[in-house]
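J.: Could you have a look at this structure, given as structure tokens, before my questions?
Since every read-out is calculated from the coordinates, none of them should be taken as a lab result. Given the structure is predicted, the values throughout are model-derived calculations rather than measurements. Ideal geometry is used to build each Cβ from the backbone, glycine not excepted, and the neighbour counts take in all protein chains shown.
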Amino acid sequence: MSRSARWLATTLTLLLCACPKSDSSPPSDARATLSQAGGFYVRWKPSIEPPPLNKAFDGTLWLSTRVEGEPIELAQLDVDCRMPAHRHGMLQEVDIIEEGAGRYSVRGFLCHMAGNWVLQVDLTQGAITERAQFDILIE
Amino acid sequence: MSLMTLLLALLLSQVPTEDGSTHLGAWKHSIHGLVQPGAVAIGPGGRIHVAEVGAGRVSIFDVDGNALGVLETVDPPLRAPEGIAVSPDGLRFVSDSGNHRVVIFDADGQFKGEFGGRGWRAGQFLRPMGIDAGEHRVLVADSGNQRVQSFDHAGKPLSSQPLHTLSSEQPEYRDTWPTDVALNPSGDGWALDSGSCGLIVLGQEGLVGPRHGEFGFFPGTFASPRGFAHHASRLYIADTENHRIQVFESRDFGHSLTTTLKPAYIWGVHANRPREGRGKLHYPRDVAVAPDGSFAAVAEPLDGRVQIFVRAAGSAPQVDAQRATTGQAAVHFGMELATDGPLLVIVEPETAQLLIHDLRRPEPERRNPPLLISKAGGRGLSLGHYRRPAGMDLDYDARRILVCDRGSRRVHELRFRHDPDGEIAQDFEMVSAVRMIDFRRPGATGETSFPWPVEPIAVQRTADGGMLVLDAANACVHRFDSRWAHQGSLGEYGSGLGQLNAPVDLELSVDETHLFVSDPGNGRLLRWSLADEAPTVVGEEQLRGPHGLAFGPDGRIWVSDAVTHQVWAFDSELNGQWVFGEEGLARGGLLAPRGLAFTDTGECIIMDHGNHRGIVLDSQGNFLDAFGPRSYTRPALRPERYREEDYDE
């Protein structure tokens, strides 16, 4: 890494650390759904609306036990985006960072193809993994 | 130079070498009439030992296919022998999978001893499979315990190498399923892992070395490889679901932990026609190479044969461009199916997908095969993906499918959308995953612990939204409530009343008063009255390898028999009646039938697994239809055009 690149990285890191933490509660326009077996409730908001074609974006998830339930912390989460009709997913994996109070930052979505995608949120509790999912239209 | 030295020199000059001037793979002839030959070994003198899984014996042949003898035991008889090895001094070691033991025969074929027994402790087995014997050591693929064990020739345990311990670091290897092993010249070993589709290098001190290969269809990748052999510097791998033998060159065979493998060549192409042989391969399960490297034998259980291959000139076979496959393997129907309402779901083993069919008829007056409308799943470890999908339950009204993944030890619940009044149309977005239970995780069976994680092989949804799960490893049935909390279990391993051995399917009566379980290890069904949990033995006289179960519209329980190739039905008094089937391809024929289910219209669909087709019967057992690849269905649909000789090798 060159000296200028190292300086830039250091500055960005300091800036990121200096930023105040955003409010952990979901915005009113976050999409919400109950998981497929009703075991948890999840809200979701992408960093770019609508999620773009072939351009990386991030997202935030808020997990709770039910609609007005307790936040789910220290969750064992797997998040993926897939195109069921085409039987494939993304070409990269996302990073999940817990931010507290049931809020999880998900970084590195990249939907490389136009069409119907599905955001899959898999929560494992004990021996059981349960899925919540959101439809995403990429145009 | 003495005459003896001259003779020796002449002999040595005839021993094939791996210098690239010749290669193994030229078809010579086939040995037919075997009953599910699952393993093969070649001993001193070129004697070919074939473990016939379905017959419970090891048959011995010379290289020309002349029968030389049989290895059997009496009490108990061999039950699903899945592995055979011959030591350099002529001892024969048989992996007696159904009895969870290794049986030793001396060089004269006399029973010499046994070791093992069912369990997880050192020296015990759960369904041992491949085996290899060196001068001093015996290596056993203890498949159910996901480990390789080493013994001396008397059966004294020397070491045990668990193969799934890498799971936390490499999740793709968490579902290890070792199916074959080999000792190498340095005294280390190799294990073939059918679960992760790779070859694992073993060290003598319990070290597990690198893995080679992964799932795939291209050269150097594998689809459920089941058996392998080595000779000189080459490894020969039976790449079962790719229907080929892959040959690898090992650069430093004597130092196994640093071994590198280089693909050398591939022999055999997929048989397209039923029973097609002459070098074409069909689910090759095992391969063995003669000690002098002069020939090889390949076991194909579904075709009941062993093909013999000799050396030919050149470093590799000539590729038949018209027959060589470079992409995805040809698709076959799997063993299991489920039906309810207008839908039929069939497992496709090569791709670990569920094939969803619509049973409705666009033209009601004409029969048509089930129409494929969607695919779901695929090979993987996440929710909704599978390693070895097995039994299923389809509940059309609830729009739910339960799927057992025997490989990952999980049960998945899926939901689907379907309009019974809508047009028949493809919808590849119709299925989504709901949840899964992972039996390797703590708490899956509540406070009750079992020797092995539950190995789900069949499942049925109950009226209260819970489920019954048949557990192949612990030989019992588990009951779960609608939240999948464990409520108890029924049955245990054994051959007595209320005991099971290698159970494969279950069926609950509509009123949920009786539960039937097919118990092929004991050649029977068990029926439990759920009110008092009293068991009854069913079909002991008629059945040898019961598999699929379903209640017919007349209230009888129908069962397929994978060993006798028949379908039987038992009434409420448990009287059995033959319904359909004999070994064959023509109308009326079946080959190792597996799953069986009734449609809402009272038709019975049978997975004729060995013939790669589905057979449809009416409620009386009369043939109605066959569906699947045309070359397999034509002999049943147009029997007047079927000539046995057209299908002979």
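J.: What are the ³J(HN,Hα) couplings of the range B:606-619, residue after residue, when phi is run through the Karplus curve with 6.51, -1.76, 1.60 and θ = phi - 60°? Round to Hz, x for glycine and proline.
T.: These are the phi-based 3J(HN,Hα) values: 10, 7, 7, 4, x, 9, 6, 8, x, 10, 10, 10, 7, 5 Hz.
J.: Now, a different point. Quick one: which residues, 5 or more positions from B:Gly134 or on another chain, have an amide H under 5 Å from its amide H? H modelled 1.01 Å from N in the peptide plane, none for Pro or chain starts.
T.: Hits under the 5 Å cutoff: B:Leu139.
J.: Let me ask something else about it. Can you list the residues, at least 5 places off or on another chain, whose amide H is less than 5 Å from the amide H of B:Val579, using H built in the peptide plane?
T.: Amide H neighbours of B:Val579, under 5 Å, 5+ apart: B:Val567, B:Trp568, B:Ala569.
J.: Please arrange B:Ser449, B:Ser95, B:Ser194 by how many other C-beta atoms lie within 10 Å of their C-beta, fewest to most.
T.: The fewest-first ordering by Cβ neighbours comes to B:Ser449, B:Ser194, B:Ser95.
J.: About the Cα centre, and with charges only on the beta carbon of Lys, Arg (+1) and Asp, Glu (-1), how big is the dipole of chain B? Nearest 20 debye, please.
T.: That gives a dipole near 1300 debye.
J.: Compute the distance in nm between two label points, each set 7 Å from the Cα along the Cα-to-Cβ direction, one at B:Ser482 and one at A:Arg31.
T.: 2.8
J.: Calculate how steeply helix B:3-14 sits against the longest principal axis of the alpha-carbon atoms of chain B, using the helix alpha-carbon long axis, and give the answer as 0 to 90 degrees to the nearest 10.
T.: For B:3-14 against chain B, the angle is about 40 degrees.
J.: What number, rounded to the nearest 500 deg cm²/dmol, is the helix-based mean residue ellipticity at 222 nm of the protein assembly as shown, given -39500 (n - 2.57) per DSSP H run of at least four residues and division by all its residues?
T.: -1500 deg cm²/dmol
J.: Please list the equivalent ellipsoid semi-axes of chain B, computed as the square roots of five times the alpha-carbon gyration tensor eigenvalues, in descending order and whole angstrom.
T.: So the equivalent ellipsoid measures 40, 28, 24 Å along its semi-axes.
J.: Summing +1 for each Lys or Arg and -1 for each Asp or Glu, what net charge is found among the other residues whose Cβ lies under 9 Å from the Cβ of A:Leu61?
T.: So the surrounding residues net to +3.
J.: Give the percent of DSSP beta bridges with both residues in the protein assembly as shown that are antiparallel, rounded to the nearest 5.
T.: Beta bridges within the protein assembly as shown, antiparallel portion: roughly 95 percent.
J.: May I have the extent of the alpha carbons of the range B:16-313 along their three principal axes, as whole Å values ordered from largest to smallest?
T.: Reported extents, whole Å, longest axis first: 46, 44, 33.
J.: Something else about it: Which cross-chain or sequence-distant (5 or more) residues have an amide H under 5 Å from the amide H of B:Arg244, H modelled 1.01 Å from N in plane?
T.: Close amide H contacts, sequence-distant or interchain: B:Asp239.
J.: Something else: Where does the longest stretch of chain B lie that holds no trypsin sites (Lys or Arg not before Pro) found in a DSSP loop with 13 or fewer other Cβ atoms within 10 Å?
T.: B:484-642
J.: Distance between the C-alpha centers of the range B:500-545 and the range B:92-170? Whole Å please.
T.: Comparing the Cα centres of the range B:500-545 and the range B:92-170, I get a distance of 30 Å.
J.: What are the ³J(HN,Hα) values, in whole Hz, obtained from phi via the Karplus relation 6.51 cos²θ - 1.76 cosθ + 1.60 with θ = phi - 60°, for each residue of the range B:628-645 in sequence order, with x given for Gly and Pro?
T.: x, x, 4, 5, 8, 8, 4, x, 8, 6, 10, x, 5, 9, 8, 10, 3, 5
J.: Can you work out ³J(HN,Hα) from phi for every residue in the range B:577-592, in order, using Karplus 6.51 cos²θ - 1.76 cosθ + 1.60 and θ = phi - 60°, giving whole Hz and x for Gly and Pro?
T.: 9, 5, 10, 6, x, 8, 5, x, 10, 6, 4, x, x, 9, 9, 6
J.: Return the loop-located GluC sites (Glu not before Pro) in the range B:432-537 (DSSP other than H, G, I, E, B) with at most 11 other Cβ atoms within 10 Å of their own Cβ; answer none if there are none.
T.: B:Glu447
J.: Between B:Leu574 and B:Glu214, what is the FRET efficiency for a Förster distance of 45 Å, r being their Cβ-Cβ separation, to the nearest 0.05?
T.: After rounding, the FRET efficiency stands at 0.40.
J.: OK, next. When the expected Rg is taken as 2.2 N^0.38 Å, what fraction or multiple of it is the alpha-carbon Rg of the protein assembly as shown?
T.: This ratio for the protein assembly as shown stands at 1.00.
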